[in-house]
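To start, the structure itself, in structure tokens.
Readers should treat all values here as calculations from the given coordinates under stated rules, not as data from a laboratory. The structure presented is a predicted model; accordingly, all values stated were derived computationally and were not measured. Methodologically, a virtual Cβ is constructed for each residue, glycine included, from the backbone with ideal geometry; neighbour enumeration extends over all protein chains shown.
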Amino acid sequence: MTPDGPDAPDPAVEGATGPEFEVELRPQRRLRIWQITPIVMLAAAGSLMFAFPLAFEFGDGGAVVAMLGFLISCCAGGWGMMAARRVGYSLPGLPARGTGRGPDWRMVALYALVALAVVALAVYRVARLR
């Protein structure tokens, strides 16, 4: 413990009193629980809204509820991706934020193809409910 106050010796004059440690003042960039919780809750609610009408074929409103659940699930996924990108994470094939590199067009095409397939299957399934 070092003395602190007006009577304390000046360490610059008398030399260092102990080892110096370098401490990072900025917090680590990672997703916190308060950022993940609303995303997970929204995704779970959207998934349930999407799955139950499709699995149990509720009345005429089932298709509307299913599409609304699909929309909520997609919004939660986009929100999660934006939060992860802001922290510095990125999908494979896409450069991290601030690197100055461009994305690999093959990976972008693959992601777009997978997203289109999921949307097409969802629309096809909901259309079959009618």
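At-a-glance table
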{"read-out": "Mean Cβ neighbour count within 10 Å, used as a protection proxy, ranking 48-56, 109-117 highest first", "value": "48-56, 109-117"}
{"read-out": "Label-to-label distance, nm, for residues given as Ile36 and Ser90 (7 Å Cα→Cβ offset)", "value": "2.3 nm"}
{"read-out": "Prolate/oblate/rounded label for region 73-130 (Cα gyration tensor, a/c 1.5)", "value": "oblate"}
{"read-out": "For region 29-41, Karplus couplings with θ = phi - 60° (6.51, -1.76, 1.60), whole Hz, Gly/Pro x", "value": "8, 8, 6, 9, 5, 6, 8, 7, 4, x, 5, 5, 5"}
{"read-out": "Residue-span extension gain [Val114 to Val64] - 0.36 nm each, minus C-alpha spacing", "value": "15.7 nm"}
